[in-house]
Amino acid sequence: PMATRLVQTNEVARCSYMLPAFALIADEGQGLPLSLVDVGASAGLSLLWDRYAYDYSEGTRTGDRSSPVRLDAEVRGDREPPIPEEFPPVALRIGIDLNPIDVTDPDSGLWLRALVWPEQERRAEQLKAAMQVGAADPPVIVAGDALTTLPSVLDRVPVESTLCLFHNHTLNQLSEEDRGRFYAIADKHSLSRDVY
């Protein structure tokens, strides 16, 4: 597999810090459903954040209590992040990746599992559970370079929704010039609608 696959991960635990951001964006969006565009989506498991259960410190629990994915997070500092009891509706979930991983393919699932360090058993369990959730209703992942694919993907976002463009540690892998090109695409699109 090393000769035919790229090293890429899909760390679902990151959803625990994205959830408050999505809650803030939903509030800004005046009740419109979210349209999620994930750059560097891998298998798209972060697009399914609203199908997971969350346990934050101080006993705050939210999300789908029946989900096999249970994410724990510790809130630090004096400020309380907005952790919603009810999640905002989602109109669209779409990811972009150079080499999308199909969670319905057992070999691809094994490759994702192989990229988790052996001693990180909890992380491996979360990944397995998230792949089960993803396989039941996989998000759309478009294959391609974000800098060439993003404009057409953004054009697919419904007008009556709040556009949320995000990534999970992807832009740091781009050169400074390419990051500038990415932001220029987002800026250009923001001339016709709000882009969060």
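The values are calculated or read from the model by the stated rules, or taken from the named source; none is laboratory data. Because the structure is predicted, anything quoted here is derived from the model rather than measured. Backbone-built Cβ (ideal geometry, glycine too); neighbour counts: all protein chains shown. Protein only, heavy atoms only, side chains kept; ligands, DNA and RNA dropped before computing areas. Shrake-Rupley method; radii C 1.70, N 1.55, O 1.52, S 1.80 Å.
Counting Lys +1, Arg +1, Asp -1, Glu -1, what net charge surrounds L45 among other residues with beta carbon under 13 Å of its beta carbon? Charge balance near L45 sits at 0. One entry in [x] 8, 29, 34, 23, 6, 1, 0; [y] 7, 25, 30, 23, 11, 4, 0; [z] 9, 34, 37, 19, 2 is P(r) over Cα pairs in 10 Å bins from 0, in percent calculated from the shown coordinates; its label is [z]. Here r is the Cβ-Cβ distance between H169 and L191 and R0 is 30 Å; the resulting FRET efficiency, rounded to 0.05, is 0.60. The apolar share of the surface of the stretch 45-94, taken as the fraction of accessible area on carbon and sulfur atoms (1.4 Å probe, ligands and nucleic acids excluded), comes to 40 percent.
May I ask for the distance between the Cα centers of the stretch 160-196 and the stretch 22-41, given as a whole number of Å? A separation of 13 Å, based on Cα centres. Extending 7 Å from Cα along the Cβ direction at Y183 and again at L110 yields two label points whose distance is 4.3 nm. Backbone amide hydrogens, once placed in the peptide plane, bring A43 within less than 5 Å of I101, excluding anything fewer than 5 places away on its chain.
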